[in-house]
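Since the structure comes first, as structure tokens, the remarks are kept for the end.
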Amino acid sequence: MLQLQQVEIAYDESTVIRDVSLEVRPGQVVCLMGRNGVGKTTLVKAIMGLLKLKGGSISYDDEDVTKKAPNYRARKGIGYVPQGREIFPQLSVHENLLLGLEANNTIMKIDEKVYDFFPVIKEMKDRNGGDLSGGQQQQLAIARALVANPRCLLLDEPTEGIQPNIVQDIQDVIREIKETSEDTSILLVEQSFDFAKSVADYFYIVDKGRIVYEGSELVEEEVSKYLSV
Ligand code: ADP
């Protein structure tokens with residue numbers, strides 16, 4: 001579904017991702033772990049097309065999308081929930097969701113399923129995005145990506161700074177997506193060992209811009225070597 005081959009990314013002269021190859025298969029939840037500053041967000045932005053590669057390639061659905069624009073990738077089914085949520089505070093919750101629909105030109109209205117995932121979003125439909133709590137904004141950001149019915153969802157630290165009951169809701173939604181839609185994949189950036197272990201099928205640990213561990217088991221010793229748990 002999504003494949004990165006020997007990806008290299010630099011900000012000006014400074015290379016932050018080196019020789020990263022990874023794969024997300026249909027229906028899988030793949031977790032990208034690692035300390036702050038090792039390059040996780042950089043990788044996710046590059047997958048969405050927001051950063052150019054210095055080397056290597058990205059393919060999605062057997063198509064080389066390395067040089068394709070972000071809107072092209074979105075239309076092909078890659079959904080993105082950025083770190084920090086980036087909802088529009090002056091727009092209503094409903095208007096924020098409508099913007100999410102722009103990523104898919106075949107869907108004209110918001111599927112009620114999205115409200116089933118996050119009932120609070122329906123309750124607060126007419127409020128401004130900026131009136132929502134941090135956790136609610138995170139739910140809105142995920143809902144905004146889901147309205148376009150993505151087949152590969154990129155979630156960049158969805159639980160960062162979020163209160164435990166909302167973390168639990170987000171965990172339930174990831175599980176439900178996994179159980180109800182067989183070919184929807186998720187690439188999740190996550191620092192919490194427990195959260196990662198409870199939702200993901202495959203794990204990559206990144207350190208200093210390289211993959212230092214991968215496997216279908218998340219071994220605590222490996223994690224503690226590269227993350228403070
Ligand atoms: P992570 O998501 O793992 O916390 P990032 O991908 O945000 O890591 O950052 C990786 C490295 O790239 C860090 O050293 C960071 O300082 C640097 N970096 C991130 N964004 C920029 C930018 N816009 N310009 C220059 N350097 C950046």
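Segment 13-38 to segment 119-134: how many Å between their Cα centroids? Their Cα centres are 32 Å away from one another. Per-residue ellipticity at 222 nm computed for the chain from its helices equals -9500 deg cm²/dmol, with DSSP H segments shorter than 4 residues left out and the rest contributing -39,500 (n - 2.57). Peptides 5-17, 130-142, 204-216 ordered by packing proxy, namely the average of other Cβ atoms within 10 Å per residue, highest first: 130-142, 204-216, 5-17.
Excluding same-chain neighbours fewer than eight residues apart, the lysines reachable from LYS76 by a Cα-Cα span under 26 Å are LYS40, LYS45, LYS52, LYS54, LYS67, LYS68, LYS109, LYS113, LYS178. Distant-in-sequence amide contacts of LEU153, defined by a placed amide H-H separation under 5 Å and a gap of 5 or more residues or a different chain, comprise GLY79, SER185, ILE186, LEU187. The residues of the chain present an accessible area of 48 Å² per residue when probed at 1.4 Å with all protein chains retained. In the complete set of protein chains, residue-level accessible area for LYS197 is approximately 100 Å², probe 1.4 angstrom.
LYS76 contributes an accessible area of around 90 Å² to the protein surface, as traced by a 1.4 Å probe with all chains present. Applying the Karplus relation 6.51 cos²θ - 1.76 cosθ + 1.60 with θ = phi - 60° to segment 123-132 yields 3J(HN,Hα) values of 4, 9, 3, 9, 7, 6, x, x, 7, 7 Hz, where x marks Gly and Pro. Between ASP201 and SER21, the modelled labels are 2.1 nm apart [label points 7 Å from Cα along Cα→Cβ].
Would you kindly state how much longer the chain becomes between LYS52 and GLN90 on full extension, computed as 0.36 nm times their sequence separation minus their alpha carbon distance, in nm to one decimal?
Working: separation 38, 0.36 × 38 = 13.68 nm, distance 3.05 nm.
So the extension gain works out to 10.6 nm.
Summarise the accessible area of the chain (1.4 Å probe, protein heavy atoms) by the percent that is carbon and sulfur.
Values: 4880 of 11070 Å².
Accessible surface attributable to carbon and sulfur in the chain totals 44 percent.
The values are calculated or read from the model by the stated rules, or taken from the named source; none is laboratory data. Bear in mind that the values here come from a model prediction, so they are computed numbers and not experimental data. Backbone-built Cβ (ideal geometry, glycine too); neighbour counts: all protein chains shown. Just the protein is used for accessible areas: all its heavy atoms, side chains included, with ligands, DNA and RNA removed. Shrake-Rupley method; radii C 1.70, N 1.55, O 1.52, S 1.80 Å.
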